[in-house]
Structure formats: structure tokens, C-alpha cells
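Please treat every number below as a calculation from the coordinates, not as lab data. Just so it is clear, the model here is predicted, and its values are computed rather than measured. Neighbour counts run over all protein chains shown; Cβ positions are idealised from the backbone, glycine included.
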Amino acid sequence: MSLGFSSIGYLTSWSYYSNSPNTQKDFNSSSTSKLKGLMGYINNKDGEFRNKYPGIKTMISIGGWTWSKDFSIVARNQTSRAIFSKSVVDFIDEYGFDGVDVDWEFPVEGGDSKNAKDPSDGTNLASLLDEIKNGLDKLSSAKYQNSKRFEIGITASASERINRHLDIKKISSIIDFINIMGYDFSGPWSSKTDHSSNLFDSKFTHSGVSIDRVVKYFLKKGADSKKLIVGCPLHAVAFPIAEHVDISSDLGLNKSIRKLNTPDLVKRNMSYDELESYYLKNKRDVIKAMESDRILGD
């Protein structure tokens, strides 16, 4: 019996360039109700994917760490919001998507240092979402006589420091889902090794972030519990430790980390297939790595 929960998966554009590239043909629908990040050809009504998975909703995801540079500028006034919203609605209409995920990383503070930021970002995000929502509703009415419902949501940080800038109650009333990034709480950019996707706080949690903490925060601020979706990582982070680890006495938590440049930081993320190939099947290599300079985060 279905409990009415949504399960969302991402098919990322960069996966195509990995050592084990994934495409729509590798998709497993057994536990997924929505799929985000796909390119337009996947939605061909006569195509292989739509025929095989007619019940799966496909959505575009806009932004992310790399592409959030101009969100603040776009959302700052009504004219630019209207132009952006129209382009989103037109894209969804042309390529047959079922909705959009706005992944602004992040309003007001955080994210890439090159991103535009403004104290009004949080308020403007709600206005931008409302503009897109209205555009999608008009598309549904004009083209489908309201028989097709388009969805809109956001991807949100797990950090209270960032989320304090959002009008969570208002945003929750506008959109259909809030994807909480339940991962990358720590990594090779941190000062100490730590849990990267911990359910609860622990004595090693220097980030001050946990799944339990952020979910309670969103509920306290007025989010609809039925709209909250917790992101689960299918990747691992590897910490470049700066001190020796004796795995007979500890698991490498709270160890100093060597500073890396940006390209090396990216290389420290490992996908599931890399983790399975190089670590789960080669336990001796895991021990060697932990005793040298590489510790896997959870």
C-alpha cells in the first residue's frame, strides 16, 4: 500500500563523463516517483523512457553549486522574475517536463564566492517561486484544461545559518516539495574529519548540522511535513588527513585535514560505483588508505 511519499532521484549531466557513465537506460524505477535533471529528449512521448515508465514525473533542476551565480540578480525585481519564469515555463512546455526544482545555492550567504548576493534574497526567492508557480498554472489551464498539474519545489541547505534567511512558511505554501540536502555536511574543505551525512548530532559533529536538527528546524518554521524530502547521498567524501591514524583505536574522526586546491577537492568525492569498485571489494586497500592519508566519510 502506498503511503503517499515522494521519492526523487537525480540523473546528473556530469555522470555521463564519469568512469562508469549513467544514462536514462540505467534508470531503475522501483523506488522513484520523480526524476530530476534530465535533458529534453527523455520526454519524447513516443520515446523509450516514457513508454517504459509512464508514471514517473520528470523535472528540470536549475542552479546548484556551479550555476547559482545570477539567481540574486534575476530574483531582485518583478521584471527580471517575469522574464526568467517565462523561460522556465516555455522550456518545460517545449520539452515535456512535469515541473521544476529551483536549486539556489544559496540566498544571502554561503555558496560559491562569485555568486551575487543581497539581503533581500530570501524574500525575493519566495516571489520568484510564486511567479513560476503562476506561470505553470496558466500553462496547465491554457493547454491542458487543468488536467495536468505541474510541480515546483526547491533544494535547500541543511544549515540553519543559511535557512534563517528564508520565509519557510510562505515558501512551503507556494511549492510542492522542499528537498533538504542531507549530505556534504563536512568534507575535505573542513578543518577536521567529521560525519558528512549524520542522522543525529554527535560529539564529533563540528558542523552543527544533522538530519534530525534540520528537519525539526523546518517544521518549527512552518513547513508542511508532507512536503519535506530528505536527500540521501549515494556518494562518499574522502578526507586528506594530515596526521597518522591508527585504525585499531579509532575510525579517523576529528583528525586534522590538509588543505587542497579546488580541483583536488572535487576529486575527493567518490560516486557509488567508484566506492564499490575500489573500496568495498578491496578491504585491504581501505586499511592502507586509512593508514596513509585518505579517510572515507559516511
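Within the shell defined by Cβ-Cβ distances under 13 Å, the residues around Gln145 carry a net charge of +3, with Lys and Arg each +1 and Asp and Glu each -1. For Gly122, neighbours were defined as the other residues whose beta-carbon sits under 9 Å from its Cβ, and their charges (Lys and Arg +1, Asp and Glu -1) total -1.
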